[in-house]
Every structure is written in structure tokens, then in C-alpha cells.
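Since every read-out is calculated from the coordinates, none of them should be taken as a lab result. In this text the structure is predicted, and so the values were computed from the model without any measurement. Cβ atoms come from the backbone with ideal geometry, glycine included; neighbour counts cover every protein chain shown.
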Amino acid sequence: MRKGIEQRIASLLKDTKTQKQLLQVHAFYIKTCSSHNRFLQAKLLGTLVSLPTPIDLHYARALFDSFPLRDTFIWNTMIRTYLYAQNPQHSVTLYFQMLLHHDDHVSVDSFSLSLVFQACGRLLDWENGTKIHTHVLKLGFAPDLFVQTALIEMYAKCGHLDYACKVLDSMEEPDLVSYNVLLVEYVRIGEIKMAHQLFNRMPQRDLVSWNTMIHGYASLGDVGTAHKLSHTDVEHIQQSNEALKLFHEMQVANVVPDRVTMLSVLSACASLGALGMGKMVHEYIERNGIGIDMKLGTSLLDMYAKCGDIDNALRMFELLDHKDVFTWSVMIMGLANHGFGEQALACFSKMITEGIKPNDVTFIGLLSACSHSGLVDKGWVCFKSMSCLYGFSPKIEHYGCMVDILGRAGLLEEARELIRTMPFAPDAIVWRAFLGACKIHKNVDLAQEATLNLLELEPHIDGNYLLLSNIYSQAKKWDRVVMLRRSMKCSTIQRVPGSSSVEVDNTVYEFVSGDKSHPKSLEIYEMLEEVLDRIQCAGYEPLTTSTVQDVDEQEKQNALATHSEKLAIAYGLLTTPPGSPIRIFKNLRVCEDCHLSIKFISKVYQRKIVVRDRNRFHHFYGGSCSCRDYW
């Protein structure tokens, strides 16, 4: 009779889906089972932990405390309950209480140790972690694979990678999980070189191993959601390239990628502007039936937008059945960076109509759209609506965007007043936006003020000096240019070379000014000479005011002729079919002379040329640019 009731309770627990149902089964258990059944007690607590709803810790602990005889399994289940409920401190406390109840029914096992090491790792509790490590040695669990893997994770999370490596090296036959745990931790803390070394010596690799490495490199190279498009650090470009290289090696190794892989690879494509590779990944997703959910769809439209294909980004956006605030924000940012300010604002209006509440990133996109399109009044409306309509105060990034809007429009005094009255100290981004506006409008006095403030915050960034140097050269103040150059030589300035890349046959080629490292360098320079001859016949005259050197006109023209943008375009003309688009990606702001020359190239060669620089996209065609010279 009793056995039948116990079987019935076990069956009811198996079918329990809510806490209300569990309470009913618990009441039935109390009413019908006079003797305490440890199996059912453990099942009651285990069922509570496995419910899809948040764990009720008060009920769980009351349940645990009501059991007069608790075996190891019940103790472990309660420790696990605290861990799953994001309360690792109570897991550690309960473990030490468990040691005090050590008797015939309760003894620490490998599962107890694994759980408590996970808790110590989350708490960064190095002290208790090492103390419990001594328990491992005393209790004879040192060779246990389960415990060793948990130890590796605990030491790595606590920042003691040397100890984590020692545990791994001490294992007689470390399994794939042990390697992956350390690999994940290396990537999490940004130690990508150490992660790659470990990856290379792994006896075998699974999908988790490959995804971890690809994600690691892709996230280090990710351009993110900020309104600035590209890196000033060549190393970041190399990280993205490495992610794509690993993806290729993964396929050669016959490891089938999944949705997680696709998200990382698309991020790397977006960072590099590798549209051809991005399209191949999209085709792979569709060919292999990988469902395009909201997250993957957002990643695809982000890739298309950042690779210069705004039309496909819009198509992807329209195809998505479900869109959250991140999806809408990515689309708004994409439209903004391509100079479609009015469309970005219309997209925002539709988003609000559909009941989606904007976030900080949404407004960075909106304000960037207003900046690139010269929409000063609408920029102010967006900026003020953040607090008036949507209930959150503008952050420093939003003030930076507003300074950019005012500065580009020539309202330098208004921009300066906004900087003066903002509720926090302006950062380097704000001052750099103001300095850039001073350069556009050739205001030397305000530029000097901006530079002084900027160099206090970033004394080692060469771009800050170069901006002021350009302003001095425009004003023909060559003595100040010379003094600034001398001060740069005397200090430890981080010099970031301007570079431009172009994708040909799914391979990204990078050039710097005067670059002769490419195997086809001779042909590239011959093509460049032809290009310059043809556009000069069409009316192009080099803008030598773009240079910051006090040299004769011919030397200035020679310096301008081999800028990285021109070399990349020459290679594109040399290697792509006539009439096909050329997409160039510049890590800094494109100079005025290159901007002018590309207009002529697009007309003479009848090519659409898309250039992504530090600030935005420029679509050149038929001798004009989508920015309408407002950039």
C-alpha cells in the first residue's frame, strides 16, 4: 500500500511543472507518508530546482530544513539550488555546514566539491577555494576528473591562471571538457594569445573549442555599436582576420558550425568590411537550414550595414518577423552611418508606433543621423526628448553627438557652451568632436583650446596632434606646425598609421600610404598613374592644402598621390570587373583631397565606390558623393 503511494508521488513529481503543483504534491506527501523517505525528499527538492520559474529560496530552504535525515545527495541538491539561484555565498556556507554533519549518511563527494568550486569561482573567493583544495587532497579526490575540471575553472576565474595551468598539467589524461574550461576563461579575460597556445596543443577540439576561439578573436576586433565605425588600431583588424582564418580551418577540420559560430563570423566580417565573406556566410546559413532568429537576423543586417550594403541590410530588416530594441537600433545606426538621416528618423517613428521603447544606443544612432545630415533642429528635439519623453538622462556619448551636430553646422559657440554646461566633465570624445568641427570651419583659437583639453586626457594619441597640425597648416601657420611636430617627436606618442583595405575575391587587402609591400605593387602604381592622369584631364586638381608639410607644391602632390585610399582603389580597379562596385575601408577620416579625387574616379571609370571612414560611409557615383560634402 505504502509502496504504491510512494510510486504515485514519484510519478506526480515527474509531471510537476509549476510551484503550485509542487506544493500540492508536497502536501499529499506529508499527509500520506508517515515515515521519511529520503528518495522522495530528494525528488521534492530536485523538482523545485528544475522548475522553469525562478527558484523560491525560502521554500527550498524550509523544505531542506524539514528533512530530519539528510544524505549527501540532499545536501548537494541544496548547494546546487543556491548556485542556480545566483546565491553562491550560501552554497559555500552550506558546504562548510555539511562538513560539520559528516557521519555515516553524509560525506563529501566529487559533486559536492565541484559545486563549491563553482561557487568560489563566481565569488572570486580565492581564500576558501584554496582551503577546499586541501580537502580534495585529504579526502583523496585529487585524481578525480570532475573535481580537477572544477578546480581549473575556479583558479582561472579568481585570476590565478598559473594554478589553473598546474592543475591541468598534473592531470594524467585531461579530457576535452578540462581543456575547454581553461580555454573559455582565457578568452573571457582577454588573454587571446595564451588561449591560442592552449588551443594549438589540445589533442582534440570540438565545436565548443572552435567557437570559443573564433568568438575570442571576433570580439576583440568588433567595432561595436558606437557611432565611430572603424578601428584606429591595426591589431584589431588582425584579430578579425584571425577569426575568419579559424573559421576556414574549422571547416577544413570537418567541424560543423552552428548559430553561435555564425554570430562570431558575421561580427568579424562587419569589422573588416568583408562583404563577400559575409554573403557566403549568409548563403551557408540558408543552405544548411540554420534558422534565422532575431539575434542572428540582427547580426546579418549589422554585417550588411557595416560592409556598405545598406540595401541588403534593409531587406534583412524587413524579413525579420520579430524585432527588439537592439534590432531597431542597429537599423537606425546603419541608416545614420550611410547618411540617410531622414530615413533613420522615420525608422525611429515606426519603432515607437510599434511600441518598442528606445535605449541609449537608439539615441546615439538618431543623433548621429542628425549630425551626418545637418539636421540641427531635429537633433535638439531628439536630445531633449530623452529626458522629457522617455525618462532617462543623456549620457556623455549623447552630449558628444550633440556637440558634433552643432560643430559640423558651424555653431561653434553653441557647441562650446554645451560643453561648458554639461553635467559632467567632457571626455576625449567630446573634445575631439569639437576639435574636428574647428578644423572644418578653420577656427584656430577654439581649436587650440580644444587641443589643450584633449591632450590633458589623451597626451599620447597622435590623431589629436595631427588634427591641430592640419588646422595650423590650413591657416599657413607653419611655425606652429613645426613646433607641434617637434613636441610629438619628444614625447611617447602612439602613432597610428592611416590604412585602407579593399576586399577582392573574399580576401581583404590592406594598404598604407606609399605602400609597396603588395606582390602586385608595380601594376598597382602603374594603374594609379593612369588614374591620376585621367582624372586630371577631367578637371581634378590636388588639394595641397590637405598636407601638413611646408614643402613645395610638387612634393605635396607626390605625397597626396600615394595615400592609402588611392592605392586601395587602384588595386580594386586592377582586379575587379569593369562597372562593379569597389568598397574601401579607411581606419581614419578620409582627407579632403582623397574625397575630391574619388568623386572624379567614380565619374571617369563609371564605378560606384563606397568608402567607410572613421565617421561614416561615403557613396561615390557619377562624380558626386552621398554626403553632399557635409562630413
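Tell me whether the chain comes out rounded, prolate or oblate; compute the Cα gyration tensor, take square roots of the eigenvalues as a ≥ b ≥ c, and use a/c under 1.5 as the rounded threshold.
Because a/c hits 1.5 or more and a/b exceeds b/c, the chain counts as prolate.
For the stretch 573-610 and the stretch 262-297, what is the separation of their C-alpha centers, rounded to whole Å?
26
Tell me the trypsin sites (Lys or Arg not before Pro) within the stretch 1-56 that lie in a loop according to DSSP and have at most 15 other beta-carbon atoms within 10 Å.
17
Just want to confirm a number: the relative contact order over the chain, from Cα pairs under 8 angstrom separated by 6+ residues, in percent.
Reported relative contact order: 8 percent.
Efficiency by 1/(1 + (r/R0)^6): what FRET value for residue 84 and residue 200, r their Cβ-Cβ distance, R0 = 30 Å, to the nearest 0.05?
Calculated value: 0.30.
Please state the equivalent ellipsoid semi-axes for the stretch 325-381: what are the square roots of 5 times the Cα gyration tensor eigenvalues, largest first, in whole Å?
Calculated on Cα positions only, the semi-axes equal 17, 11, 9 Å.
Lysines near residue 439 by alpha-carbon distance under 16 Å, same-chain residues fewer than 8 away left out - which ones?
Qualifying lysines at Cα under 16 Å: 476, 477.
Read phi for every residue in the stretch 395-404 and hand back ³J(HN,Hα) as whole Hz from Karplus 6.51 cos²θ - 1.76 cosθ + 1.60, θ = phi - 60°, with x for Gly and Pro.
8, 5, 4, 6, 5, x, 4, 5, 4, 4
Can you tell me the length gained on complete extension of the stretch residue 555 to residue 580, counting 0.36 nm per residue apart and subtracting the Cα distance?
5.7 nm
Based on the Cα gyration tensor of the stretch 414-489, what are the three equivalent ellipsoid semi-axes, each the root of five times an eigenvalue, rounded to whole Å and given largest first?
Each semi-axis is √(5λ); the values are 22, 15, 8 Å.
Quick check: pseudo-label points 7 Å beyond the Cα along Cα→Cβ at residue 15 and residue 99, how many nm apart are they?
Placing both labels 7 Å along Cα→Cβ, they lie 4.5 nm apart.
Provide the gained length on full extension for the span residue 53 to residue 165, in nm with one decimal, where the gain is 0.36 nm per separating residue minus the Cα-Cα distance.
Between residue 53 and residue 165, full extension yields 36.5 nm more.
What GluC sites (Glu not before Pro) does the stretch 296-391 have in DSSP loop regions with at most 16 other beta carbons within 10 Å?
Qualifying residues, ordered by number: 354.
Taking R0 as 41 Å, what FRET efficiency do you get between residue 260 and residue 482 from their Cβ-Cβ distance, rounded to the nearest 0.05?
So, using R0 = 41 Å, E works out to roughly 0.15.
For residue 131 and residue 65, what is the calculated FRET efficiency with R₀ set at 35 Å and r taken between the beta-carbons, to the nearest 0.05?
Once rounded, the FRET efficiency stands at 0.85.
Under 18 Å between alpha carbons, and skipping anything fewer than 8 positions from residue 556 in its own chain: which aspartates and glutamates qualify?
Filter leaves 479, 515, 529, 533, 541, 565, 592, 593.
Report for the chain the percent antiparallel among DSSP-assigned beta bridges with both residues inside it, nearest 5.
Looking only at bridges with both residues in the chain, the antiparallel portion is about 75 percent.
Take the alpha carbon gyration tensor of the stretch 500-625, find the square roots of its eigenvalues, order them as a ≥ b ≥ c, and report rounded if a/c is under 1.5; if not, report prolate when a/b exceeds b/c, else oblate.
rounded
Using modelled backbone amide H atoms (1.01 Å from N, in-plane), which distant-in-sequence or interchain residues come within less than 5 Å of residue 584's amide H?
Excluding prolines and chain starts, which carry no amide H, the hits are 610, 611, 612.
How long is the gain from residue 452 to residue 377 if the chain were fully straight, where each residue apart is worth 0.36 nm and the alpha carbon distance is subtracted?
24.0 nm
Take the residue pairs 245/608; 193/245; 245/586; 357/384; 516/566; 279/520 and return only those whose Cα atoms are more than 18 Å apart.
Checking Cα-Cα distances, 245/608; 245/586; 279/520 exceed 18 Å.
What is the ratio of the Cα radius of gyration of the stretch 352-501 to 2.2 N^0.38 Å, where N is its residue count, to two decimals?
Cα Rg divided by the expected 2.2 N^0.38 Å: 1.16.
According to the square roots a ≥ b ≥ c of the eigenvalues of the Cα gyration tensor, what is the shape class of the stretch 279-430, taking rounded for a/c under 1.5, prolate for a/b larger than b/c otherwise, and oblate for the remainder?
Note, shape of the stretch 279-430 comes out prolate.
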